[in-house]
């Protein structure tokens, strides 16, 4: 097959896949993950059911793909914040707002949990490498794990002001030596 | 039915249920949650399959019951620590060690996640009511949510010393005003 063709097919494949994931996202937002069927996803994405099944075996696989895409987008967003400001505090605040705006209840499944664990490990490594002026009595990897977990509490706080307070509390844990 | 009979039947039921959950726990520990069947659970628990199905509809329901029991036991353990020492620091340290010794990978399922969320809310309320000498710029409910999430990082730290460092970092976040 000529190169150009391969490329064209690849980008068609990817456009179809994106359309399916977009459709699933809209349906999940409308009625929750339990109320979504393959037939509806196909219809909303504007593809035949046979085509849909070529990409995804079942609803869980679609939701899993959608969730994976979302997690990847969030990580990229945090990398962008770092590139822009080079301040880890900004990255951590951005992460807290992501947790606040996307509480992890949209697509509960084993896959989702694996994505979340994987993304969290990645994020902890990313943060650990960029922690600047922090307490010296604790390894940076452990401080990064602490911060990422602590900021996860943003998923259930009542307001943006509360997210900022959580960030402040978390940062003071990162910076101050223990008070004993 | 006379009262005594009712009581006898109720405690028999509960003993059978406990035996089933114990058997499931052993099997999960041996081969992970994916490798467990209803037939094996019945055999290990010393009950007939028909009896097992009277209590639990499928393996997931057994694992869910087992997990629920475990979560309840952990909460009770933390309440005991509080009753004994009346020091919230001890409760938080005990929680960190529970997270460290029981990382949440044993029985991944939607039910498990609901138990964990529910138990975490309960724990946050419990901690919030007992926080003594903490920073005053953040509501206690938010500080409790911060602490419980932060200590969840203990599930992946490498040692008991690291658990204690995590507790120290988390406590300093609770106590110190932000450094700006």
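Residues that are touching a helix residue (DSSP H, G or I) at 6+ places or on another chain (Cβ under 9 Å), part of a helix (DSSP H, G or I) and surrounded by 19 or more Cβ atoms within 10 Å (Cβ to Cβ): does segment B:99-108 have at least one?
Yes.
Out of all the residues in segment A:144-171, which are more than 7 Å from every other protein chain (Cβ to nearest Cβ) and free of Cβ contacts under 8 Å to residues at least 60 places away in the same chain?
Passing the criteria: A:144, A:147, A:148, A:151, A:154, A:155, A:158, A:159, A:161.
crowded, with 20+ Cβ neighbours inside 10 Å and under 20 Å from residue A:114 (Cα atoms): does that describe residue A:21? Walk me through it before giving the result.
Numbers: crowded, with 20+ Cβ neighbours inside 10 Å: yes; under 20 Å from residue A:114 (Cα atoms): yes.
In short, yes.
Answer yes if at least one residue in segment A:86-96 is over 19 Å from the mean Cα position of the chain (by Cα), under 26 Å from residue A:163 (Cβ atoms) and modelled with pLDDT of 85 or more, and no otherwise.
Within segment A:86-96, one or more residues are over 19 Å from the mean Cα position of the chain (by Cα), under 26 Å from residue A:163 (Cβ atoms) and modelled with pLDDT of 85 or more.
Here is a check on your reading of the model: is residue A:72 farther than 13 Å from residue A:20 by Cβ and surrounded by 12 or more Cβ atoms within 10 Å (Cβ to Cβ)?
When the stated conditions are applied, residue A:72 passes them.
Is it true that some residue in segment B:75-96 is exposed (fewer than 13 other Cβ atoms within 10 Å of the Cβ), assigned by TED's automatic domain parsing to the domain that holds residue B:159 and not in a helix (DSSP H, G or I)?
Scanning segment B:75-96, I find at least one residue that is exposed (fewer than 13 other Cβ atoms within 10 Å of the Cβ), assigned by TED's automatic domain parsing to the domain that holds residue B:159 and not in a helix (DSSP H, G or I), so the answer is yes.
With respect to residue B:71, is the statement that it is under 23 Å from the mean Cα position of the chain (by Cα) and assigned by TED's automatic domain parsing to the domain that holds residue B:99 true?
Yes.
Among the candidates A:74, A:118, A:102, which residue alone is modelled with pLDDT under 95 and more than 20 Å from residue A:144 (Cα to Cα)?
The unique qualifying residue is A:102.
Please determine, by comparing only the residues of segment A:134-143 that are surrounded by fewer than 24 Cβ atoms within 10 Å (Cβ to Cβ) and not in a loop (DSSP other than H, G, I, E, B), which one is farthest from the other protein chains (Cβ to nearest Cβ).
That would be A:140.
The values are calculated or read from the model by the stated rules, or taken from the named source; none is laboratory data. Remember, it's a predicted structure, so these values are computed and weren't measured experimentally. When we count neighbours, we look across all protein chains shown, and the Cβ atoms used for this are built from the backbone with ideal geometry, even at glycine.
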